[in-house]
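The structure appears right after this line, and notes come after that.
The values are calculated or read from the model by the stated rules, or taken from the named source; none is laboratory data. If you're wondering where the values come from, they're calculated on a predicted model, not measured in any experiment. No Cβ is skipped: glycine too gets one built from the backbone with ideal geometry, and neighbour counts run over all protein chains shown.
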């Protein structure tokens with residue numbers, strides 16, 4: 001029988017450091033603020049047209065600055081914890097995979113919560129400038145899943161896999177930057193579109209196939225997660241996977257349109 005959520009959180013808190021959780025979340029919020037301001041300072045030096053952008057575009061430009069930084073941070077952190085360290089090496093210890101966590105994995109999740117809180121706050125405050133309902137839903141589900149995993153210390157292996165999918169975010173943001181900069185017809189825009197398509201296919205489609213097959217093979221462990229955590233684990237990732245497939249369809253359509261336009265332009269010359 002799975003333990004209650006309260007007892008699981010209390011047990012994890014007693015063996016971990018709750019102050020680290022709080023510090024990490026505020027650290028994530030502070031990170032977003034710093035990168036947001038630095039993006040506003042550095043961007044005019046790199047792109048002269050930044051000062052001529054509309055206020056809404058400047059806001060989104062800086063917002064995408066810290067979303068890119070967060071994506072790179074969690075991708076590196078996830079690779080280290082999942083692949084390089086032995087935290088989730090099933091042969092390294094007897095403890096079940098779903099119950100493994102460390103101070104570092106807690107810190108990575110806490111910082112990511114800080115990012116999602118900041119970004120969600122900006123999305124709500126400026127709605128719909130920074131995104132529509134799908135972004136609100138994506139961030140809300142992410143916060144619920146990451147928050148439960150941080151507090152309970154359970155299923156962090158699977159949460160980190162999902163966080164790694166943020167590796168596609170820099171390509172999404174670069175596409176937006178190039179579009180706003182008037183470089184939609186550039187070779188870089190086309191190459192970035194191809195990289196986004198391949199990266200999304202690998203990180204947000206194929207990786208999810210591995211995710212579900214891995215979790216299904218260890219369903220006996222997942223069933224021991226406390227009740228709310230269990231239902232979140234078996235419902236939120238599929239919801240995110242469906243959203244990823246929807247966005248992948250849109251990315252594929254956009255890439256086909258870009259390549260067709262580039263081919264037509266080449267023939268006309």
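For the range 116-130, a residue qualifies if it is within 23 Å of residue 55 (Cβ to Cβ) and buried (at least 18 other Cβ atoms within 10 Å of the Cβ), and the qualifying residues are 118, 119, 120, 122, 123, 130.
Just one of the listed residues (261, 253) is in contact (Cβ under 8 Å) with a residue 60 or more places away in the chain, out of contact with any helix residue (DSSP H, G or I) (no Cβ under 8 Å at 6 or more places or on another chain) and either over 30 Å from residue 11 (Cβ atoms) or not in a helix (DSSP H, G or I) (or both), and it is 261. Picking from residues in the range 80-92 that are touching a helix residue (DSSP H, G or I) at 6+ places or on another chain (Cβ under 7 Å) and at pLDDT 95 or above, the one that is surrounded by the most Cβ atoms within 10 Å (Cβ to Cβ) is 81. The set of residues in the range 89-101 that are touching a residue at least 12 places away in the same chain (Cβ under 8 Å), outside any helix (DSSP H, G or I) and more than 20 Å from the chain's Cα centre (by Cα) comprises 96, 100.
Scanning the range 32-46 for residues that are out of contact with any helix residue (DSSP H, G or I) (no Cβ under 7 Å at 6 or more places or on another chain) and modelled with pLDDT of 95 or more, which turns out farthest from residue 117 (Cα to Cα)?
Restricting attention to the range 32-46, the residues satisfying the condition of being out of contact with any helix residue (DSSP H, G or I) (no Cβ under 7 Å at 6 or more places or on another chain) are 33-34, 37-38, 41-42, 45-46.
Retained after the next criterion (residues that are modelled with pLDDT of 95 or more): 33-34, 37-38, 41-42, 45.
On the way: 33: 12, 34: 15, 37: 17, 38: 20, 41: 23, 42: 24, 45: 29 Å.
Ranking the qualifying residues of the range 32-46, first place goes to 45.
The set of residues in the range 189-202 being under 24 Å from residue 59 (Cβ atoms) and free of Cβ contacts under 8 Å to residues at least 12 places away in the same chain is empty.
The set of residues in the range 223-234 that are over 21 Å from residue 206 (Cβ atoms) and free of Cβ contacts under 8 Å to residues at least 40 places away in the same chain contains only 231. Residue 148 meets the stated requirement of being touching a helix residue (DSSP H, G or I) at 6+ places or on another chain (Cβ under 8 Å), more than 24 Å from residue 257 (Cα to Cα) and in a helix (DSSP H, G or I). Just to be sure before I move on: is residue 105 more than 14 Å from the chain's Cα centre (by Cα), assigned to a helix (DSSP H, G or I), crowded, with 19+ Cβ neighbours inside 10 Å and without any contact (Cβ under 8 Å) to a residue 40 or more places away in the chain in the structure I sent? No: the conditions fail for residue 105. Between 35, 51, the distinction of being touching a residue at least 24 places away in the same chain (Cβ under 8 Å) and part of a helix (DSSP H, G or I) belongs to 35 only.
For the range 120-142, enumerate the residues that are part of a loop (DSSP other than H, G, I, E, B) and touching a residue at least 60 places away in the same chain (Cβ under 8 Å). So that I can check it myself, show each step before the final result.
Here is the first cut: in the range 120-142, the residues part of a loop (DSSP other than H, G, I, E, B) are 126-132.
Matches in the range 120-142: 126, 129, 130.
Among the conditions (1) under 24 Å from residue 200 (Cα atoms); (2) at pLDDT 95 or above; (3) touching a helix residue (DSSP H, G or I) at 6+ places or on another chain (Cβ under 8 Å), residue 134 misses just one, which is (2). Residue 21 meets each of the listed conditions (1) surrounded by fewer than 16 Cβ atoms within 10 Å (Cβ to Cβ); (2) at pLDDT below 95; (3) in contact with a helix residue (DSSP H, G or I) (Cβ under 6 Å, 6 or more places away or on another chain) apart from (1). Tally time: how many residues in the range 192-233 are closer than 20 Å to residue 142 by Cβ, modelled with pLDDT under 95 and surrounded by fewer than 16 Cβ atoms within 10 Å (Cβ to Cβ)? Of the residues in the range 192-233, 2 are closer than 20 Å to residue 142 by Cβ, modelled with pLDDT under 95 and surrounded by fewer than 16 Cβ atoms within 10 Å (Cβ to Cβ).
So in the range 52-75, with the set limited to residues that are more than 14 Å from residue 177 (Cα to Cα) and in contact with a helix residue (DSSP H, G or I) (Cβ under 9 Å, 6 or more places away or on another chain), which one is surrounded by the fewest Cβ atoms within 10 Å (Cβ to Cβ)? The extreme case among them is 72. Only one entry of 197, 157 meets the criterion of being more than 23 Å from residue 112 (Cβ to Cβ) and under 17 Å from the mean Cα position of the chain (by Cα), and that entry is 197.
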